[in-house]
Amino acid sequence: MTSPESRVEPATTAVVPAAAGVVFGDRLPLAVRYRDRMAGDGVVRGLIGPRERARLWERHVLNSAILTDVLPDGVRVVDIGSGAGLPGIPMAIRRPDLHVDLVEPMQRRTKFLSEVVVELGLAGRIRVVRGRAEDPEVLRTVGDSDWVVARAVAPLDRLVRWCLPLLSATGRLLALKGASAADEVERHAVALRAGGARVEAIDQLGGDVLGEQTWVVVVSRATEANARKK
């Protein structure tokens, strides 16, 4: 029987785009190792679809890493629904000053995450937390956070409902979305206001580096003063 390890795609088969060097700098080798682990073992274990192999750099790794452009130094970041480690692991690779909590409910995914974190030497800065954002234990473990991130987890109204309780009074949720981010915000505007959320900005990131821009919706708790502005 062929072992999973023998079916892993070798690192030499992937061309590293120039943008990866710009985004990761001297930490590029670590990013390459992560991309190759996803392209091989991540596909074998069902965390990444086989068709995504060719798009791992542009659509997944770089798209996630560029999110660190909006983060201050030395903060803790909570990645909700991390899956195969997106966006949290590329963010931690690019920014060694960050501390990242990867929150993921599925055991097979948390096992993969724990393995990758150790293999990349990131165990001191990345913690894997098994559970859902709305679980009381997750709230106790990662709550009162200044920065929460999420990518391809749920529509904005549900995502905000799950993540807002994890934020500190001044915290921010960074929701990675596609080019239709503004339409999604408008579509869920009533639900967001009713849930006590305020959309602060819809930002484009990586336009000068990436072939495909990253859109991020920045959400905070709606204070009484903010609510009057709506």
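Every read-out reported here was derived from the displayed coordinates using simple, explicitly stated rules and does not represent laboratory data. This one's a predicted model, so the numbers in the text were calculated from it and none came from an experiment. Cβ placement follows ideal geometry from the backbone for every residue including glycine, while neighbour counts extend to all protein chains displayed.
On inspection, residue 58 fails the criterion of being free of Cβ contacts under 8 Å to residues at least 40 places away in the same chain, in a helix (DSSP H, G or I), over 18 Å from residue 111 (Cβ atoms) and within 17 Å of the chain's Cα centre (by Cα).
The helices (runs of 4 or more DSSP H) falling completely within segment 134-230 that include 1 or more residues that are over 17 Å from the mean Cα position of the chain (by Cα), among the acidic types (Asp, Glu) and farther than 13 Å from residue 78 by Cβ map to 136-142, 156-163, 181-187, 224-229.
Of all residues in segment 90-104, those satisfying the criterion of being out of contact with any Asp or Glu (no Cβ under 8 Å at 6 or more places or on another chain) and free of Cβ contacts under 8 Å to residues at least 40 places away in the same chain are 92, 95, 98, 99, 104.
Could you tell me whether segment 124-131 includes any residue that is in a helix (DSSP H, G or I), over 16 Å from residue 176 (Cβ atoms) and either of a type in the set (A, V, I, L, M) or touching a Pro at 6+ places or on another chain (Cβ under 7 Å) (or both)? No: segment 124-131 contains no residue that is in a helix (DSSP H, G or I), over 16 Å from residue 176 (Cβ atoms) and either of a type in the set (A, V, I, L, M) or touching a Pro at 6+ places or on another chain (Cβ under 7 Å) (or both). Annotation note: Cβ proximity below 8 Å between a residue of segment 172-183 that is in contact (Cβ under 8 Å) with a residue 24 or more places away in the chain and a residue that is among the hydroxyl-bearing types (Ser, Thr, Tyr) and crowded, with 21+ Cβ neighbours inside 10 Å (sequence gap 6+ or interchain) occurs for 176/64; 176/214. Cβ-Cβ contacts under 8 Å between residues 6 or more apart (or on different chains), taken from a first residue in segment 19-38 that is loosely packed, with under 15 Cβ neighbours inside 10 Å to a second residue that is of a type in the set (Val, Ile, Thr) and not in a helix (DSSP H, G or I), are listed as 22/209.
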